[in-house]
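Visitor: One structure, as structure tokens, below. Some questions next.
Please treat every number below as a calculation from the coordinates, not as lab data. Bear in mind that the values here come from a model prediction, so they are computed numbers and not experimental data. Note that each Cβ is placed from the backbone with ideal geometry, even for glycine, and that neighbours are counted across all protein chains shown.
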Amino acid sequence: MDRKVRRELWRHIILGIASLIMIYPLLWMAMSSLKPDETIFSDPTALPPSLDFSNYVDGWTALRVSFTTFYTNSFIVVIFAVIGNLMACSLTAYAFARLNFWGRKVWFALMLGTLMLPYHVTLVPQYVMFLNLGWVNTFLPLILPKYLAVDAFFVFLMVQFFRGIPREIDEAAVMDGCGPWRIYWKIMLPLSTPVMATAAIFSFIWTYDDFLGPLLYLNDMRSYTVPLALRGFVDSSGGESLFGELFAMSTLSLVPIFIIFLAFQRMIIRGVAMGALKR
């Protein structure tokens with residue numbers, strides 16, 4: 001075995017060990033969901049003595065509202081949020097990348113500056129505004145801002161991608177009588193499938209995993225999303241907590257994320273790479 005092969009072998013061994021270390025908490029959670037509550041923390045081993053799926057059956061209806069409702073709420077918020085991000089961010093990015101208007105560079109710089117603005121800075125003013133509008137305990141505060149291109153990361157990603165599309169295509173379309181709207185709809189969107197898919201996937205994951213937003217605006221358990229519902233298994237007053245059911249439902253809550261990531265991981269990498277490298 002030559003030196004190069006040994007180096008690659010050791011590299012893969014080290015990466016494999018590091019991967020196991022990082023994934024162990026996830027495996028422990030999944031295995032603990034198959035154990036009774038009394039043995040979860042008393043048994044240090046990850047493997048359960050037997051496969052017991054009662055935590056999944058009991059956890060689904062352990063709260064006052066079934067997890068069917070929580071998943072329905074989550075997917076309602078996610079679907080409308082993804083649509084809003086794709087529509088608003090692509091339109092904003094198209095304007096920054098292709099249209100000439102007064103103060104374009106200044107507005108683009110201000111938009112990028114919002115990436116460095118902590119969410120907590122705008123948290124209180126936004127809550128007061130939505131409270132005065134009567135939108136608290138509805139999905140509107142979680143959905144409507146997505147239609148105003150508030151996610152600057154997606155705008156920046158799409159701007160970089162649009163800039164890589166030759167301007168000669170726009171000029172040819174103008175000569176054929178196309179206006180800005182038709183160029184955007186007929187040319188830009190079909191050519192920007194990779195970056196649009198990347199934005200949709202990241203938007204899905206971030207919205208689905210969001211805990212702080214639903215915690216602020218949703219008060220009725222019947223309107224809870226999945227991350228917020230998982231908090232109901234832990235008794236903050238020091239009473240009995242249903243850790244078995246919590247781990248079971250937490251494991252199920254990861255299934256949509258895994259499916260989306262495994263199905264579209266190549267598209268994610270392609271869209272991010274193309275958006276970052278194109279000028």
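Visitor: Quote to one decimal, in nm, the extra length available between His120 and His12 on full extension: 0.36 nm per residue of separation minus the C-alpha distance between them.
Guide: 34.8 nm
Visitor: Would you kindly calculate the translational diffusion coefficient of the range 3-58, applying Stokes-Einstein with the Kirkwood radius from alpha carbon pairs, for 25 °C and a viscosity of 0.890 mPa s, and quote it in µm² s⁻¹ without decimals?
Guide: Value of D from the Cα-based Kirkwood radius: 184 µm²/s.
Visitor: If you take the Cα Rg of the chain and divide it by 2.2 N^0.38 Å, with N the number of residues, what do you get?
Guide: The chain yields a ratio of 1.26.
Visitor: Related question: State, to one decimal in nm, how far the label point of Asp52 lies from the label point of Arg104, with both points 7 Å from Cα in the Cβ direction.
Guide: Going by the 7 Å Cα→Cβ label model, 6.5 nm.
Visitor: So what is the relative contact order of the chain, in percent, for Cα pairs below 8 Å that sit 6 or more residues apart?
Guide: 31 percent
Visitor: State the Cα centre-to-centre distance between the range 45-66 and the range 1-40 in whole Å.
Guide: Their Cα centres are 24 Å away from one another.
Visitor: Using the Cα atoms of the range 40-173, I'd like the radius of gyration and the largest Cα-Cα distance, Dmax, both in angstrom.
Guide: So, for the range 40-173, Rg and Dmax equal 22.4, 71 Å respectively.
Visitor: Hey, with R₀ at 22 Å, roughly what FRET efficiency would Ile23 and Asp209 work out to, going by the Cβ-Cβ distance, to 0.05?
Guide: After rounding to 0.05, the efficiency reads 0.80.
Visitor: Ok, one more. Helix check for the chain. Which DSSP H runs span at least 30 Å along their own axis by Cα, with a mean Kyte-Doolittle hydropathy no less than 0.0?
Guide: What comes out of the filter, once short or polar helices are dropped, is 3-32, 67-98, 255-277.
Visitor: Oh, and also: Show me the ranking of peptides 79-90, 119-130 by mean Cβ neighbours inside 10 Å, starting with the highest.
Guide: Those peptides, ordered most packed to least, come out 79-90, 119-130.
Visitor: Could you work out the relative contact order of the range 3-58? I mean the mean sequence separation of Cα pairs under 8 Å and 6+ apart, divided by the number of residues, in percent.
Guide: Over the range 3-58, the number comes to 30 percent.
Visitor: Related question: At a 10 angstrom cut-off on C-beta neighbours, averaged per residue, how do the peptides 101-112, 248-259 rank from highest to lowest?
Guide: Per-residue Cβ counts within 10 Å, averaged per peptide and sorted highest first, yield 248-259, 101-112.
Visitor: If each residue of separation counts as 0.36 nm, what is the full-extension length gain between Ser42 and Leu252 once their alpha-carbon separation is subtracted?
Guide: Gain on stretching Ser42 to Leu252: 73.2 nm.
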